[in-house]
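Data first, discussion second: the structure below is written as structure tokens.
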Amino acid sequence: MQGPETRTTLIGKLNEPASEEVWREFVTIYQPLVIRVSMAKGLQHADAEDLAQEVFSIVKRSITSFRSRGSGSFRAWLFRITRNLVVNQLTRCKGPVGSGDSHVQQWLSQQPERDNETASLFDLELHRQQLQRAADEVRPLVEPDTWDAFWMTAVEGKSISDVARSLGKSEGAVRMAKCRVTARLQTAALNLSGQWETDE
Amino acid sequence: MIARISNEEQHYDTKTFDEYLHDRWNSDSQDVTIHIENCPQCQRRIENMVNDNWA
């Protein structure tokens, strides 16, 4: 598990000249997240892609000032940037504020629970993305049969007995294969989360 | 050294389960794997460990 020093150092590396690898990792994790959240709030895919580039540009310019504040959640900061840009984008697309019962108006007049709902969506998408990245890391490390047992039971929802028959394994072996892959995914996702988060 | 729970013959402790889940073995794991994959009680405990980590 990563300690706080490692976590903040990794975030800080985004702004260093030789940080291309760290930056690629950051974009790999957060670009799909920002695009999905933006589209969920009403943007078209192309606009969401442009918005994601804008988010990353702001992060690159502002990471130093974010770090100098010394506290606060990186995730929450990124969410605020995304949210504000989505509002701006929707405002540009749909006309002036308060001109009708548009999506824009809903956004701009949103009650706290609406904002919380969007923050939850952001968190949900972040967790989904981290889990996907964790799966990419873990899959090559386990036997194909073990991965298949996990995938068929945990993702496809097939019964333990059906998968055991299908793979020619005992039910116990299938149950434990599912557990072993899940445990590794949990650890990998936790590490990923730690690398890209500061203390709250 | 892989530890069995002393008062429950044939079953293993949480540390061993963790090693089993993450392939972090210090010694021969074959006996442990065979036992766990044939022991519903150990399987339930391992499933509970994994499920608790989602909480």
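What the table below lists for this structure:
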quantity: Cut-off under 5 Å, modelled amide H: who pairs with B:Tyr12 long-range; calculated: B:Ile5
quantity: Average beta carbon contacts from partner chains per residue of A:169-179, 10 Å cutoff; calculated: 5
quantity: Nearest-0.05 FRET efficiency for A:Glu156 and A:Arg128, computed from C-beta distance (R0 25 Å); calculated: 0.90
quantity: Cβ-based charge dipole, the stretch B:14-54, positive-most Cα from B:His22, B:Ile46, B:Val32; calculated: B:Ile46
quantity: Contour minus Cα-Cα distance for A:His45 and A:Leu121 (0.36 nm per residue); calculated: 25.6 nm
quantity: Label point distance in nm, A:Arg24-A:Arg165, each placed 7 Å from Cα along Cα→Cβ; calculated: 4.6 nm
quantity: With DNA, RNA and ligands ignored, accessible area of B:Ile46 (1.4 Å probe; Å², nearest 10); calculated: 0 Å²
quantity: Modelled FRET efficiency - R0 41 Å, A:Arg61 with B:Met49, Cβ distances, 0.05 increments; calculated: 0.40
quantity: Equivalent ellipsoid semi-axes, the stretch B:14-54, via Cα gyration tensor eigenvalues times 5, rooted, Å; calculated: 17, 13, 6
quantity: Gain in span if fully extended, A:Glu137 to A:Leu190, counting 0.36 nm per residue against the direct Cα distance; calculated: 17.8 nm
quantity: Accessible area of A:Glu25 in the full protein assembly, 1.4 Å probe (Å², nearest 10); calculated: 50 Å²
quantity: Phi to ³J(HN,Hα) by Karplus 6.51 cos²θ - 1.76 cosθ + 1.60 over the stretch A:39-52, Hz, x for Gly, Pro; calculated: 5, 5, 8, x, 7, 6, 4, 4, 5, 5, 5, 4, 4, 4
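The values are calculated or read from the model by the stated rules, or taken from the named source; none is laboratory data. Small disclaimer: the values here were computed from a predicted structure and weren't measured. Note that we place each Cβ from the backbone using ideal geometry, even for glycine, and neighbour counts take in every protein chain shown. Side chains are part of the model used for accessible areas, which takes the heavy atoms of the whole protein and leaves out ligands, DNA and RNA. Shrake-Rupley method; radii C 1.70, N 1.55, O 1.52, S 1.80 Å.
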